[in-house]
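Beneath this line is the structure, given in structure tokens, with notes to follow.
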Amino acid sequence: MSKLYVFTFLACAAVLLAGAQAQNEPPPPNPIMREVSPGVYEVGQLRLDQNARAVTFPGILNMNIGNLEYLLVTNLGATHESLLETDVTPSDLHFAMLLLGAKGSGDQNGEIPPGQIDAKYLKTAPKLKGDDISITVNWKEDGVDKTAPVEDWIINTTTKKAADRGPWTYNGSMFNNGHFLAQIEGAHAALVTYPAALINNPRKGNDNDQIWIVNTKAVPAVNTPVEIVITLLPADPKTKTPAR
């Protein structure tokens, strides 16, 4: 039995288990996966590196000015208030993160967020749990390779500084009546607490939809192609079980 077969089987089992937790309904179909070099796999449009514990995929700079509620969405998501956009589906990204060993909150049947997120909900929304990840963006500017933590592209207007550098929370979204909400909403990553997104912002102010804006001085032009790198960080051994 090949290493790739075992690897894929375990990942599929993980996804199916998540679906089983959601009223025994099947999750979205798994993407095609192939090994391109030892420990490196292509999963749809994503590239998964087991050794680096990282997933890399393409996107674009969606906004270079204005208020933000999301960090990353698909074209089905709230593109009018998201910094980045990608064609990669949330189900593909979730599949890849499960392959890396991410577990999310494990609460696939949590409280479903309301259709309209408002200040009252944000003030009482439960604190989301999950795996620590880092998010980096790579791009070219005048032919020169550039890289930055994605926090540098966001301003917190209460501090008038870039968002604090540090981990994001991979909570893994949730299911409702057998539907994977991140897929339905096109929601990869939220700046303002949104349990349906795969990834959420753990920083102070994540309950306020008025304070996050694009760092216009730091970002490239709208529609600039970017490479998004999500890295699964080691768990704090004092508080968490290390990812496997």
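The values are calculated or read from the model by the stated rules, or taken from the named source; none is laboratory data. On a predicted model such as this, the values are computed, not experimentally measured, just so you know. Neighbour counts are summed over all protein chains in view; Cβ atoms, including those assigned to glycine, are modelled from backbone coordinates with ideal geometry. Side chains included, ligands, DNA and RNA excluded: accessible areas come from the protein's heavy atoms. Shrake-Rupley method; radii C 1.70, N 1.55, O 1.52, S 1.80 Å.
Are any residues in region 126-181 free of Cβ contacts under 8 Å to residues at least 24 places away in the same chain and of a type in the set (A, V, I, L, M), and if so, which ones?
Answer for region 126-181, where residues must be free of Cβ contacts under 8 Å to residues at least 24 places away in the same chain and of a type in the set (A, V, I, L, M): just Val144.
Since Glu185 meets every condition but one in (1) farther than 24 Å from Ser91 by Cα; (2) out of contact with any Pro (no Cβ under 6 Å at 6 or more places or on another chain); (3) charged (D, E, K, R), which condition does it not meet?
Tallying (1) farther than 24 Å from Ser91 by Cα; (2) out of contact with any Pro (no Cβ under 6 Å at 6 or more places or on another chain); (3) charged (D, E, K, R), Glu185 fails exactly one: (1).
So, in region 216-244, how many residues would count as being at pLDDT 95 or above, open to solvent by 40 Å² or more (accessible area, probe 1.4 Å), part of a loop (DSSP other than H, G, I, E, B) and not polar (S, T, N, Q)?
Going through region 216-244, the residues at pLDDT 95 or above turn out to be 216-233.
Of the ones still in play, those that are also open to solvent by 40 Å² or more (accessible area, probe 1.4 Å) are 216-217, 221-223, 225, 227, 233.
Then drop every residue that is not part of a loop (DSSP other than H, G, I, E, B), which leaves 216-217, 221-223, 233.
Right, trim to not polar (S, T, N, Q) and you get 217, 221-222, 233.
Number satisfying all stated conditions: 4.
Can you confirm whether region 206-215 contains a residue that is over 18 Å from the mean Cα position of the chain (by Cα), farther than 26 Å from Leu76 by Cβ, free of Cβ contacts under 8 Å to residues at least 60 places away in the same chain and in a loop (DSSP other than H, G, I, E, B)?
There is no residue in region 206-215 that is over 18 Å from the mean Cα position of the chain (by Cα), farther than 26 Å from Leu76 by Cβ, free of Cβ contacts under 8 Å to residues at least 60 places away in the same chain and in a loop (DSSP other than H, G, I, E, B).
If you take the residues of region 48-73 that are open to solvent by less than 20 Å² (accessible area, probe 1.4 Å) and out of contact with any His (no Cβ under 7 Å at 6 or more places or on another chain), which of them is farthest from Arg34 (Cα to Cα)?
Result: Leu68.
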